[in-house]
Structure formats: C-alpha cells, structure tokens
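All remarks here apply to the structure that follows.
The values are calculated or read from the model by the stated rules, or taken from the named source; none is laboratory data. These numbers were taken from a predicted model, which means no experiment stands behind them. FYI the Cβ positions are ideal-geometry reconstructions off the backbone, even for glycines, and counts take in every protein chain you see. Just the protein is used for accessible areas: all its heavy atoms, side chains included, with ligands, DNA and RNA removed. Shrake-Rupley method; radii C 1.70, N 1.55, O 1.52, S 1.80 Å.
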Amino acid sequence: TPSRKYAEKAAAALDKMLRAGTDSGKVADIVESVLADATRQHDEKERQHVAEVEAAAANRLARLLDASPAVIYSFEAKGDFAPTFVSENIARLFGYAASEYLENPNFWRERVHPQDLARIEAEMDALFKSGTHVIEYRFRKKDGSYCWVNDEQHLVRDEKGAPSEVVGSWSDISARKAAEEAEDRTRERLALLLDTAPAVIYSFKAS
C-alpha cells in the first residue's frame, strides 16, 4: 500500500543516517520531508478523484439534458437579464448552437413572433409575483419556420430573497396546437353548415 511504501522509505533513510552518525536534527528533517511528500501525493490523488467524479457527473447531466424533449435555459433576473445557461439540445429541437443563445442578450426577443411579444411581456410581472409562470407562443427556429412552444419559468431568489435568476424550459407543442386548430376549424364549419341549413336541427333525450 502507499502508506507502507512511505514507511519503508522513511525507515531506510533513517537507518542510513543513523549508521552515518547523523545528528537528530537532520533525522527530524528527513522524517518531516518524507511525511510532507506523502501528504502532497495523497492530497493530489484526492483532488484528482474529486475532479474525475465531478467530470463524470457533468457528462451524465449533459447526456440527460441532450435526450430531454425540452430545452433547459436560464438568465439573470436583474440588470440586463443576460443569458447564463442553455442545454445543448437546443440544436436538435430548434437548430441553434448553444453559443448563439449565450452570446446574444436579445436572442429570445428577436425570435418570438412579433404578434406574441407584447402579450408575453405584459404577463411577465406574474413571474416575479408568484415565482412561476407558464405561457405559450410562437418561436422562430433556425430554418426560419415558427413552432409553438410551452415556456415554463421558475424564479430563483438569493439568500436575501431578491430575484437572482430565472430557470425555464421550452417544449415544442406544435403538434398539439395543430390538432387544436383543426378541431376549431371543424367546429366552425359545422356551426356554419347548421346556421345556413334550411331546417332546424334539434335533439332530446330518448328516455
């Protein structure tokens, strides 16, 4: 074991110095040097182990986020509301590189559909009042097309209770929105047909 090797090394050095008639002060120096060397190597191994554990955890988190059906993001809840994080799967879901979000404070504002922006901004106060907020709007993808997203936000406060950061998730709900719109169109057409029919349509219970 490492401790046994250090002990053998110290014993050999002591034996050599004692045989040579070295004074006790120099013997103490040798012992101190050996112990210091052992401590340094032990600390370095501990630091390396911690770094490996942290790297493994970071890699696992990155894999989980990449496989997620939602993009996780965050930005500062004060000042210029600068972006602080976005998961790498933003490339798979919306076509953007993570750096495009992180390096552009106006990334989100520039990509929200112009017809939805005013409505969203008017509702932002709800986030700072309740701590959570969910809203749906159209978002422009890298290829120029728009998709519907569900944006769920959570406000993080610092130890003093002041707003610190906003953590949110974007989920593509285009398929659900398309189904809802198709259902609305069907209802509207049915209402039009019934309204223009030459006969009154009615129903009643059969019991």
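Quick notes on this structure:
- Spacing of the two label points (7 Å from each Cα toward its C-beta) at Glu181 and Thr132, in nm: 2.9 nm
- For the range 63-141, the list of GluC sites (Glu not before Pro) that fall in a loop by DSSP and count at most 12 other C-beta atoms within 10 angstrom reads Glu103.
- Assigned charges on the beta-carbon of Lys, Arg, Asp, Glu; the range 163-206 dipole about Cα centre (debye): 300 debye
- For the range 92-187, Kirkwood radius (reciprocal of mean inverse C-alpha pair distance, Å): 15.0 Å
- Under the convention that each Lys and Arg Cβ holds +1 and each Asp and Glu Cβ holds -1, the size of the dipole of the range 76-138 around its Cα centre is about 140 debye.
- Difference of contour (0.36 nm per residue) and Cα-Cα distance, Glu159 to Ser174: 1.6 nm
- Two numbers describe the Cα atoms of the range 131-207: Rg and Dmax, which are 22.0, 70 Å.
- In terms of accessible area, using a 1.4 Å probe and ignoring ligands and nucleic acids, Val156, Val134, Val200, Val112 rank largest first as Val200, Val134, Val156, Val112.
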